[in-house]
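Each remark here refers to the structure printed beneath this line.
The values are calculated or read from the model by the stated rules, or taken from the named source; none is laboratory data. All values reported here derive from a predicted model rather than from experimental measurement. Note that we place each Cβ from the backbone using ideal geometry, even for glycine, and neighbour counts take in every protein chain shown. The accessibility values were calculated without ligands, DNA or RNA, using every heavy atom of the protein model including side chains. Shrake-Rupley method; radii C 1.70, N 1.55, O 1.52, S 1.80 Å.
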Amino acid sequence: MPRVVDGEQRRLDVAGAVLRVILRDGLDRASVRNVASEAGLSMGSLRHYFATQSELLAFTLRAIIERIERRMAALPPEPDQRRRAELVLAELLPMDEERAVENRVWLAFTARAMVDPKLRALQSEGYGLLREGCRSLVRSLDVPEPAVEYETDRLHAFVDGLAVHAATHPHLITPARMRELIAVHLAGLGRSAGTA
């Protein structure tokens with residue numbers, strides 16, 4: 001009797017292989033051939049799920065977005081809105097090995113998205129989700145409405161900057177340091193000179 005293959009699980013396994021190849025060899029080496037080898041599949045089997053490298057990378061980027069969304073949904077209820085914002089932001093930043101991998105891969109995809117229209121659309125979607133998330137956090141902290149857009153811009157840039165610095169200088173921008181910086185940033189929302 002032929003073995004039944006769970007297509008969605010196989011795709012997720014392939015996405016895991018893409019992450020390993022990117023981390024070990026770089027994004028340019030995440031070809032269909034190299035990923036098939038990493039996943040222990042034939043080229044034909046992999047092409048059954050992903051016809052091109054762009055499809056393969058887009059699925060992996062989508063899997064990262066969905067993983068982050070699942071973690072956010074699983075956060076416990078937190079009545080203190082500032083503490084809740086700290087927990088949400090921590091899920092977006094490389095606070096552990098899983099999130100560090102996602103962060104490094106996301107940064108690699110961001111550079112690739114500048115020249116790949118399929119990835120650009122997905123990266124733009126991720127950008128929009130992060131921006132909306134920042135706006136939601138800013139509003140939850142009772143920032144005066146005239147300052148919401150300004151503080152959304154600041155928080156978004158702050159999170160992006162921390163992600164880049166943590167990826168490039170993890171010995172300086174440690175999880176403890178990120179938590180400290182997040183707390184200070186959130187405490188200063190709505191108090192900047194630019195909100196006047």
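Could you work out the Rg to Rh ratio of the stretch 131-196, with Rh taken as the Kirkwood radius (inverse of the mean 1/r over all Cα pairs)?
Radius of gyration relative to Kirkwood radius: 1.01.
If you consider only alpha-carbon coordinates, what radius of gyration and Dmax does the stretch 80-196 have, in Å?
Both quantities, over Cα of the stretch 80-196: 14.6, 42 Å.
In the stretch 1-127, what percent of the accessible surface is made up of carbon and sulfur (1.4 Å probe, ligands and nucleic acids excluded)?
Of the solvent-accessible surface of the stretch 1-127, carbon and sulfur hold 53 percent.
Over the chain, with a single point scatterer placed on each C-alpha, what log10 of the ratio I(q)/I(0) does the Debye formula yield at q = 0.12, 0.13, 0.15, 0.18 1/Å?
-0.66, -0.76, -0.94, -1.21
Over the chain, give the accessible area per residue in Å² for a 1.4 Å probe, as an integer.
Roughly 54 Å² per residue, with all protein chains present.
For the chain, give the magnitude of the charge dipole about the Cα centre (Cβ charges: +1 Lys/Arg, -1 Asp/Glu; no others), in debye to the nearest 20.
In total the dipole reaches around 440 debye.
Given a 1.4 Å probe and heavy atoms of the protein chains only, how would you sort Thr152, Thr174, largest accessible area at the top?
Final ranking, largest accessible area leading: Thr174, Thr152.
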